[in-house]
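Every number here is computed from the coordinates shown, using simple stated rules; none is lab data. Just so you know, these numbers come straight off a predicted model, no measurement behind them. With ideal geometry, Cβ positions are generated from the backbone for all residues, glycine too; neighbour counts draw on all protein chains shown.
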Amino acid sequence: MNNLNSLQYFLPELFLSASILIIIIVDLLLKKDKKIITAYLSVLAVLVAFFLAYRQYNYAFTSLFEGMIVLDSFAVYFKVLTALSTIIVIFISMPAFRRHSEYYILLLVVTLGMFLMVEVNDLLMIIIAMEMVGIISYVLAGFNKFNMKSNEASLKYVLYGAASTGVMAFGFSYIYGLTGHTNLFAIQQAIVGHSLQPLPVFIAFVMVVAGLGYKIAMVPFHFWVPDVYEGAPTPITAFLSVGPKAAGIALFIRFLITVVAHPASQTTFIQNVQIQAPLLLAVLAVVTMTLGNVSALGQKNIKRMLGYSAIAHVGYMMMALVVFNTRGFTAIMFYMVVYMFMNFGAFWVVQSMTPHLGSEDISAYKGLGYRHPLTAVAMAVFMLSLTGIPPFAGFIGKVYLFAAIIKQNWYTLAVIGVINGVISLYYYAYVIKVMFLDRDEEIKAISVPLYDRVLLWLLLIPVLALGVYWGPLIDLAHNSIGFFFGN
Amino acid sequence: MEATQVLFWFIAVVTILSAGIVAFSSKLIHSAFALLATLVGFAAFYVYLGADFLAVAQIMIYVGGILILIIFGVMMTHRIYDTSKRTAHNSLILSLLGGAAMAAILGMIIFRSPWTATVFKTLKPTTSMIGTSILTNYLLPFEVISVLLLGALVGAVYLARREEDEE
């Protein structure tokens, strides 16, 4: 579709771009103590973008802007998910970031970048969309200017990010050189049509995996994660572990089913050229979750622990990538939503409790079950859900992930996954033990504001509800992947 | 051998040698200046490939902009004529092994793959073609980059600005 006609299908992104400009101007007119108004405006803008994106759900598959991006239900699913993650992050940030309107403007730019990431259909757009999320994330990671750790986190993030983007761009140059196209569908047809040699395609694939793997914090491209997660402001840490990661996984799936594979039957994909892509992904998944879980065991700082646990969860999701069928992709899309709520929940507890506890160490949570029972119980639910213990949402998500790989006879992978689940129980349960079994002599009750409690409930309810009634969401995820086969 | 070929090999040798100096020199400022020759060499290669616009952009952005910034950075960090700052080097054997493996794999790909060659034999200006592409097929990336730059500017201003209420 040509550029002018594409605009009518580009409303959420157009609205976000306009809001960014308007909020920058509004910010100039606001007095210093009124800067929080930009936060309200940002929430409003993302909410409207959320509904505009949601309305696109039943549109037929369309290729926009001369094939630069595509509009399909898969993209809409992830657009809605990433918009929701931005809304939650703004609510998490509001109590702490009252004076800096730049913060909310940058979050909106990242949201626009994530929207583009999930709908790209061109190598050039992949790089631009990823950089849009990446470059702004570097600033957000270093947002606490006077905190040395925050600065260090930001710098590390920039250096690793620049290197990985470079490697990915080099991989793209191979793909372009081999096929002569930048459009993903054209590349798919060129690779299938000319039956290229496996080696160059494989090397290009490895290089692109390096770039995407960095974005989703996959081992061995994870070195930045613990430092950045510890150093960045807590709401940003939560955001980086959900929003950009979801967009990265969406981009990864799209890359796999266009450049690496093509639809074969009603539910499965076969590879364009036989390269050991599933095996490579399986090995990376195993290494990712094992390293994430084992490193999390010894952590004293709760943000660092959650950082390593985030790496492990990427491993679980990558496990389902290896099967190359709708069942696997549906499981990942479902798990991403569940993961969003439980991870944001855990980070919100950290964010709201840190001022009261005076530290981010796990030991500071000692006796929290007696000082503020609601928060402690909610934290326990999030921890159990992250472990994957019934009846919480994390359990259902894991069941779908494991079912997808067992159906395709990846038994070794499934067994390693289960062992990893057991390892993770140790460090998640340790937090619960500290909160409930250890207690001080005198109990100093903590008073938590109404705002904090409401937000806590809003994050807690989906984790509980999706644990017992998950049918509609899994159907939605399943329908969203269906268009790749033309239904 | 024709004159263009002689020139090509000359440029290739200069580019690779200066890239070697960038990597192996112990003094930071030597690396920075050697990078100049490497980047200009690349611009010359682009001319050989018929990419005149890219060559000019390479000189303007990398040589004119980024390299100057790097040299300023090096000079401001240490005292101006103090070029004694040492760069760190990793274990030679490991680096050689890694580099050799990389070169072998990349060489295999480069010499064995059926590349779709689109290099024009005759040199013709590409600037107007690029301009047309940017405003037709590649309009969206072009516009999106402006939002990206706006975001980067806002972020850069925030990070560089002095806060009024501290100190």
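At a threshold of 8 angstrom on Cα-Cα distance, excluding pairs fewer than six apart, so keeping six or more, what relative contact order does region A:61-194 reach in percent? Intermediate results must be reported in sequence, preceding the final value.
Values: 119 pairs, mean separation 28.3, N = 134.
Value for region A:61-194: 21 percent.
Considering only the other residues whose Cβ falls under 15 Å of the Cβ of A:Leu368, what net charge follows from Lys and Arg at +1 and Asp and Glu at -1?
On the way: positive: A:Lys366, A:Arg371, A:Lys433, A:Arg439, A:Lys444, A:Arg453; negative: A:Glu360, A:Asp361, A:Asp438, A:Asp440, A:Glu442, A:Asp452.
Taking every Cβ under 15 Å from that of A:Leu368, the sum is 0.
If you wrap a convex hull around the C-alpha atoms of region A:233-321 and split its volume per residue, what is the figure in Å³?
Working: hull volume 7.7 nm³, N = 89.
Looking at region A:233-321, the number lands at 87 Å³ per residue.
Helix-only mean residue ellipticity at 222 nm, chain A, DSSP H runs n ≥ 4 weighted -39,500 (n - 2.57), per residue, nearest 500. What is it?
Working: 21 runs with 353 residues, N = 487.
When only DSSP H runs of four or more count, the value is -24500 deg cm²/dmol.
For chain A, what is the relative contact order in percent, using Cα pairs closer than 8 Å and at least 6 residues apart in sequence? Please list the in-between numbers first.
Values: 773 pairs, mean separation 66.5, N = 487.
That works out to 14 percent.
Out of A:Leu401, A:Val283, A:Val448, whose Cα points farthest toward the positive end of the dipole of region A:278-487 (charges: +1 Lys, Arg; -1 Asp, Glu; placed on Cβ)?
A:Val283
Can you divide the C-alpha Rg of chain A by 2.2 N^0.38 Å and report the result to two decimal places? Spell out each step's value before the answer.
Numbers: Rg = 21.8 Å, N = 487, 2.2 N^0.38 = 23.1 Å.
This ratio for chain A stands at 0.94.
Tell me which aspartates and glutamates have Cα within less than 14 Å of A:Lys245's Cα, excluding those fewer than 8 residues away on the same chain?
Within the straight-line cut-off, A:Lys245 pairs with A:Glu131.
Which semi-axes, in whole Å and largest first, does the equivalent ellipsoid of chain B have when worked out from the alpha carbon gyration tensor as the square roots of 5 times its eigenvalues? Before the final figure, lay out each step's value.
On the way: eigenvalues 210, 168, 62 Å².
They are 32, 29, 18 Å, listed largest first.
Once phi is turned into θ = phi - 60°, what whole-Hz ³J(HN,Hα) does the Karplus curve with 6.51, -1.76 and 1.60 give for every residue of region A:154-168, x standing for Gly and Pro?
Using θ = phi - 60°, the values come out as 4, 5, 4, 4, 4, 5, 5, x, 5, 4, 5, 5, x, 4, 5 Hz.
Among B:Leu36, B:Leu17, B:Leu149, whose mean-square fluctuation peaks in a Gaussian network model of chain B (Cα, cutoff 10 Å)?
Largest GNM mean-square fluctuation: B:Leu149.
Hey, can you grab everything whose amide H is under 5 Å from the amide H of A:His372? Only 5+ residues off in sequence or another chain; H modelled, so Pro and N-termini drop out.
Amide H neighbours of A:His372: A:Ile446.
Got the relative contact order for region A:278-487 handy, in percent, Cα pairs under 8 Å and 6 or more residues apart? Mind dumping the intermediate values first?
Values: 288 pairs, mean separation 60.6, N = 210.
Reported as a whole number, the value is 29 percent.
Taking chain B as a Gaussian network, Cα atoms linked when under 10 Å apart, which of B:Met75, B:Met102, B:Met60 shows the biggest mean-square fluctuation?
Between B:Met75, B:Met102, B:Met60, it is B:Met102 that shows the largest mean-square fluctuation.
Report the calculated FRET efficiency for B:Thr77 and B:Leu153 (r = Cβ-Cβ distance, R0 = 22 Å), to the nearest 0.05.
On the way: r = 25 Å, r/R0 = 1.13.
The formula returns an efficiency of 0.35 here.
Stretched out fully, how many nm does the piece from A:Ala96 to A:Gln274 gain, at 0.36 nm a residue minus the Cα gap?
Values: separation 178, 0.36 × 178 = 64.08 nm, distance 5.13 nm.
Between A:Ala96 and A:Gln274, full extension yields 59.0 nm more.
For A:Val206 and A:Val468 in the same chain, what is the full-extension length gain: residue separation times 0.36 nm, less their Cα-Cα distance, in nm? Working shown, then result.
Values: separation 262, 0.36 × 262 = 94.32 nm, distance 3.94 nm.
My answer for the length gained is 90.4 nm.
Given the -39500 (n - 2.57) contribution per DSSP H run of 4+ residues, what per-residue ellipticity at 222 nm results for chain B, rounded to the nearest 500 deg cm²/dmol?
Numbers: 7 runs with 111 residues, N = 167.
Calculated at 222 nm, the ellipticity per residue is -22000 deg cm²/dmol.
For the pair A:Phe170 and A:Glu442, what calculated FRET efficiency results from E = 1/(1 + (r/R0)^6), where r is the Cβ-Cβ distance and R0 = 56 Å, to the nearest 0.05? Walk me through the numbers on the way to the answer.
Details: r = 61 Å, r/R0 = 1.09.
For A:Glu442 and A:Phe170, the calculated efficiency is 0.35.
Among the listed pairs A:Lys149/B:Lys27; A:Lys156/A:Lys300; A:Lys79/A:Lys149; A:Lys149/A:Lys300; A:Lys145/A:Lys444; A:Lys156/A:Lys215, which have their C-alpha atoms separated by more than 25 angstrom in this model? Display every interim value, and only then the final one.
Values: A:Lys149/B:Lys27 29 Å; A:Lys156/A:Lys300 21 Å; A:Lys79/A:Lys149 32 Å; A:Lys149/A:Lys300 16 Å; A:Lys145/A:Lys444 33 Å; A:Lys156/A:Lys215 14 Å.
Exceeds cut-off: A:Lys149/B:Lys27; A:Lys79/A:Lys149; A:Lys145/A:Lys444.
Could you compute the net charge surrounding A:Gln56? Neighbours are other residues with a C-beta less than 12 Å from the C-beta of A:Gln56; K and R count +1, D and E count -1. Mind showing how you got there, number by number?
On the way: positive: A:Arg55, A:Lys79; negative: A:Glu13, A:Asp72, A:Glu119.
Once positives and negatives cancel, what remains is -1.
Put a dot 7 Å past each Cα toward the Cβ at B:Glu163 and B:Val47; how far apart are the dots in nm?
Placing both labels 7 Å beyond Cα along the Cβ direction yields 5.1 nm.
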